[in-house]
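Input: a single structure, listed below in structure tokens.
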Amino acid sequence: MKVATTLTVNEIAYPVELDPGTNLLAAVRDVIGLTGSKEGCDDSECGACMMLLDGKPVNSCSYLALQAEGSEITTVEGLATGEKLAPLQAAFLSEGGVQCGFCTPGMLISATALLDQNPSPSEDEVRIALSGNLCRCTGYDGIIKAVLSVANAV
Amino acid sequence: MSVSSYVTAGSVDDVLAALAGGARPVAGGTDLVVGARSGKSSLPESLVAIHRVAELRGVRVSADGLRLGALASHEAICENEEIQARYSALADACTIVGSHATRAQGTIGGNLMNASPAMETGGPLICLGATVTLRSAAGERTIGLADLFTGPGKTVAEPGELLISVDVPAPAAGTGSAYLRLEYRRQMEIAVVGASALVTVDGGKVTDARIAMTALAPTIRHVPEAEAALIGSDGGPAAIEAAGEAVAAASSPISDVRGSAGYRRAMAAVIAGRAIEQALARARA
Ligand SMILES: Cc1cc2nc3c(=O)[nH]c(=O)nc-3n(C[C@H](O)[C@H](O)[C@H](O)COP(=O)(O)OP(=O)(O)OC[C@H]3O[C@@H](n4cnc5c(N)ncnc54)[C@H](O)[C@@H]3O)c2cc1C
Ligand code: FES
Ligand code: FES
């Protein structure tokens, strides 16, 4: 059975037809074609698939796409303004927060959610907030530094 | 098996009609959908999404107590300053659930109805004297939370029953509470053992106490022997130690990759003791 619905990703409404069991990550990557968000574990452990749902973080691999109907979905593709990177994205580059880059989309989304809620977190608060995001390159220090550099700039 | 029927409910009546027709509710999906992804179980054939039902939302603190709608998220609960101050054990619990994504999406209704013996909010809510209201197409009933759980993943709720709300009476003056778990890391963790304590002090004496254990028995439950060790005492080290020992004695832990039964039992006394100390410090503050 397919269900017709509309998913709003990065402020664009996409009409889609989905099997009700489809997870949000598969809908966004495979049906809509936005492949920034990654699939790491597929069961809510690694955060590579993290998106924002009405501004709140969600592990999209483990969230039913149909439940996102009527919500604003934000993926890593929605963080930049045109060609201009968001401050967090620029900081990940300048602080060496990106190695292979696989965890980066989820890390950026997770850090965006943190800074929306707490614009000046301590290092401990950054580490706690990003603990649902695993970096298989173990480049955590550069990632934490990048988030803190943006936190301290605002 | 794939999902062959999915509806988004707009009201409690919508949900109850779908449940009467055999559908399973999904709220944040952080147990139901995650369980299906990790291959533990498949998704139910028929689902009713309850996350848009306005009547099930909300966190309300009044002079009489606290009411949580079934959809109250861990995030909404642990960020509420009145809950932190007066229902501290519950705030302690919700603060350490999963990661910030789990706390944003996961609900109190889903946490309780999933009935994991290691789940965070059950012990604190049992100590706080919470009741839950279940409603089906046939009617409504309110039961003590301790009576909801019957075994790992099992509750007394009928398939057609929806958890509507959780009600917690206002704690007496001079009451403090705390929840603590033994953990190997601070987030994205499952309690190795957990303990909840609620104590009321009056003029240097403990006048009331409720202690519950988590991940130490097939269901989360309170420990009358530990409560007896505290009530009437001065809340000093000897009474705390006796209460901790009573928790260990009442426990029937399992051995798994996260800890042996013997280790869990030994740690039960330590973690319960620390939860009691923290609750006493809050009661005296
Ligand atoms: C990475 C990760 C970490 C986690 N860490 C923790 C942790 O530290 N501590 C902890 O306690 N839990 C943890 N959990 C488990 C889970 O997040 C919580 O139990 C959460 O509160 C479940 O809520 P939900 O709304 O997502 O439930 P759902 O998955 O939507 O539902 C869970 C079950 O309850 C039923 N249900 C839901 N709402 C109702 C209702 N109103 N009435 C009747 N039945 C209902 C569903 O049918 C289903 O069987 C974790 C989960 C993940 C994925
Ligand atoms: S792929 Fe979703 S949390 Fe790992
Ligand atoms: S940069 Fe490679 S996984 Fe993090």
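Among the residues of region A:10-38, write down those that are under 16 Å from A:Thr74 (Cα atoms) and either near ligand 2 (Cβ under 7 Å from one of its atoms) or in a loop (DSSP other than H, G, I, E, B) (or both).
Residues satisfying the conditions are A:Asn10, A:Glu11, A:Leu25, A:Gly33, A:Leu34, A:Thr35, A:Gly36, A:Ser37, A:Lys38.
Can you tell me which of (1) more than 14 Å from ligand 3 (Cβ to nearest atom); (2) away from chain B (no Cβ under 14 Å); (3) under 27 Å from A:Ile32 (Cβ atoms); (4) of a type in the set (Gly, Ala, Ser) is the one A:Gly101 doesn't meet?
The failed condition is (1).
In region A:138-154, which residue that is outside any helix (DSSP H, G or I) and near ligand 3 (Cβ under 8 Å from one of its atoms) is farthest from the other protein chains (Cβ to nearest Cβ)?
So the first thing to find is which residues in region A:138-154 are outside any helix (DSSP H, G or I), and the list is A:138-139, A:154.
Next, from what is left, pick out any that are near ligand 3 (Cβ under 8 Å from one of its atoms): A:138-139.
On the way: A:Thr138: 15, A:Gly139: 18 Å.
The qualifying residue farthest from the other protein chains (Cβ to nearest Cβ) is A:Gly139.
Restricting attention to region B:3-29, which residues are closer than 28 Å to B:Met119 by Cα, over 26 Å from the mean Cα position of the chain (by Cα) and away from chain A (no Cβ under 14 Å)?
Passing the criteria: B:Ala20, B:Gly22.
Got at least one residue in region A:60-79 being at the interface with chain B (Cβ under 10 Å from one of its Cβ atoms) and touching a His at 6+ places or on another chain (Cβ under 9 Å)?
Yes.
Looking at region B:51-60, which of its residues are touching a strand residue (DSSP E or B) at 6+ places or on another chain (Cβ under 8 Å) and more than 10 Å from every other protein chain (Cβ to nearest Cβ)?
Step one: of region B:51-60, the residues touching a strand residue (DSSP E or B) at 6+ places or on another chain (Cβ under 8 Å) are B:51-52, B:55-60.
Listed by number, the residues that qualify are B:Glu55, B:Leu56, B:Arg57, B:Gly58, B:Val59, B:Arg60.
From B:Leu71, B:Leu32, B:Leu66, which residue is surrounded by 14 or more Cβ atoms within 10 Å (Cβ to Cβ) and more than 14 Å from chain A (Cβ to nearest Cβ)?
It is B:Leu66.
Residues of region B:168-188 being crowded, with 19+ Cβ neighbours inside 10 Å and either part of a strand (DSSP E or B) or at pLDDT below 95 (or both), which ones? Break it down into steps so the answer makes sense when it comes.
Going through region B:168-188, the residues crowded, with 19+ Cβ neighbours inside 10 Å turn out to be B:168, B:171, B:175-182, B:187-188.
Matches in region B:168-188: B:Val168, B:Thr175, B:Gly176, B:Ser177, B:Ala178, B:Tyr179, B:Leu180, B:Arg181, B:Leu182, B:Gln187, B:Met188.
Within region B:78-94, can you find the residues that are surrounded by 18 or more Cβ atoms within 10 Å (Cβ to Cβ) and more than 10 Å from ligand 1 (Cβ to nearest atom)? Lay out the reasoning, then the answer.
Within region B:78-94, the first condition is being surrounded by 18 or more Cβ atoms within 10 Å (Cβ to Cβ), and the residues that meet it are B:78, B:80, B:83, B:86-94.
Across region B:78-94, the qualifying residues are B:Cys78, B:Asn80, B:Ile83, B:Arg86, B:Tyr87, B:Ser88, B:Ala89, B:Leu90, B:Ala91, B:Asp92.
Consider B:Ala89 against the criteria (1) in contact with a Pro (Cβ under 7 Å, 6 or more places away or on another chain); (2) in a helix (DSSP H, G or I); (3) facing chain A (nearest Cβ under 9 Å): it satisfies all of them except one. Which criterion is unmet?
(3)
Please go through region A:102-137 and give me each residue that is within 15 Å of ligand 2 (Cβ to nearest atom) and in a loop (DSSP other than H, G, I, E, B), ordered by number.
A:Phe102, A:Cys103, A:Asn133, A:Leu134, A:Cys135, A:Arg136
Looking only at residues in region A:53-73 that are surrounded by 24 or more Cβ atoms within 10 Å (Cβ to Cβ) and farther than 16 Å from B:Leu32 by Cβ, which one is nearest to ligand 2 (Cβ to nearest atom)?
Looking at residues that are surrounded by 24 or more Cβ atoms within 10 Å (Cβ to Cβ) and farther than 16 Å from B:Leu32 by Cβ, I get A:Pro57.
In the list B:Leu125, B:Leu163, B:Leu198, which residue meets the criterion of being outside any strand (DSSP E or B), surrounded by 24 or more Cβ atoms within 10 Å (Cβ to Cβ), more than 16 Å from ligand 3 (Cβ to nearest atom) and at pLDDT 95 or above?
B:Leu125
The values are calculated or read from the model by the stated rules, or taken from the named source; none is laboratory data. Since we're looking at a predicted model, the values are computed, not measured. FYI the Cβ positions are ideal-geometry reconstructions off the backbone, even for glycines, and counts take in every protein chain you see.
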